Amino acid sequence: MKKPSSHARPKPATKGGASKLRIIGGEWRSRQLPILELEGLRPTTDRVRETVFNWLNFEVPGAKCLDLFSGSGALGLEALSRGAKECTFVELNKAVARQIQTNLSTLNAHNGHVLNMDALSFLQTEKTPYDIIFLDPPFRKGLLEQILPKLEGNWLSDKAYIYIERESENPLTELPEHWQLKKEKRAGQLTFALYQVLV
C-alpha cells in the first residue's frame, strides 16, 4: 500500500464508499471507518487482508503489534479487532495519523497508540520487542532495504512474525538468514509475504 508524503493534502470524499475502510473480521467485523482521500493512499484490499489474517489466525490474539507505515491503519486496526493485545501505529503524515487516532477513539480502542513520525526515526528510539510487525512502505523508495536491517535486535520478540508488502518487480535479495519465509502471494503488481524469526 503506497503511503502519502507528509505534504499530501486531503481530497474531498468521493461517492461510492471510496473513503471508507471496512474491518473484515473480529470484534469490529463489518464496521466502516472513514479514511482520508490522499493521492497514493489506499488501504490493503479486503482480499489481501483476509489472506494475511488467515495466515496469522492463531498468532494475532494477545500479540503486541507494530504497524510501521500505517497509512489508513487497516492492518493494525484489523489486528486489534482480532484480539491483538496492543498495536503501535507509526505514520508520517499528520492528517492521516490524526484520522487513525479518531478511528481508534470511535472504536473505543485504548490499546492502539499513534505516533506521528517517520518510520526510520521511530526505529532510532528505545527498542521494544514486538510479536508481529506490519511493513507496507511507499513503493519505489527503497525503504524496505533501509528498514529491515534496523529491525534486528530488540525490535523482534522470539519467533516474531514480519509481514511485508512490496512491489512485485522489487525482489527482496537481502534478508536476515534467520528469517524464514512462511507464506507468499502475488496480487497484480503487489507481492505480500509473511516471515518468522527462527530462534
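Quick look at the numbers
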| quantity | calculated |
| --- | --- |
| In the range 119-149, residue farthest from L92 (Cα to Cα) [restricted to those that are among the polar types (S, T, N, Q) and in a loop (DSSP other than H, G, I, E, B)] | T128 |
| Meets criteria (of a type in the set (A, V, I, L, M), closer than 25 Å to G142 by Cβ and in a loop (DSSP other than H, G, I, E, B)) for L75 | no |
| Given (1) crowded, with 18+ Cβ neighbours inside 10 Å; (2) closer than 24 Å to P61 by Cβ, number of the condition H110 does not satisfy | (1) |
| Given (1) surrounded by fewer than 22 Cβ atoms within 10 Å (Cβ to Cβ); (2) at pLDDT 95 or above, number of the condition G76 does not satisfy | (1) |
| In the range 113-154, residue farthest from K85 (Cα to Cα) [restricted to those that are surrounded by 18 or more Cβ atoms within 10 Å (Cβ to Cβ) and of a type in the set (D, E, K, R)] | D136 |
| The range 157-170 residues that are in contact (Cβ under 8 Å) with a residue 40 or more places away in the chain, paired with ones that are assigned to a loop (DSSP other than H, G, I, E, B) (beta carbon under 7 Å, 6 or more apart) | S157/P129; D158/V199; K159/V199; Y161/L56; Y161/E59; E165/M1; E165/T44; E165/D136 |
| Residue check for K94: in contact (Cβ under 8 Å) with a residue 24 or more places away in the chain, under 18 Å from Y163 (Cβ atoms) and more than 12 Å from the chain's Cα centre (by Cα) | no |
| Which numbered condition L66 misses (of (1) in contact with a Phe, Trp or Tyr (Cβ under 8 Å, 6 or more places away or on another chain); (2) at pLDDT 95 or above; (3) over 19 Å from M117 (Cβ atoms)) | (3) |
| Pair list, Cβ under 7 Å, 6 or more apart: the range 105-125 residue modelled with pLDDT of 95 or more, other residue among the small types (G, A, S) | G112/G76; V114/A97; N116/A97 |
| Of all residues making up the range 152-182, the number that are farther than 21 Å from G62 by Cβ and either within 16 Å of the chain's Cα centre (by Cα) or charged (D, E, K, R) (or both) | 8 |
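The values are calculated or read from the model by the stated rules, or taken from the named source; none is laboratory data. Because the structure is a prediction, the values reported are computed rather than measured. Cβ atoms come from the backbone with ideal geometry, glycine included; neighbour counts cover every protein chain shown.
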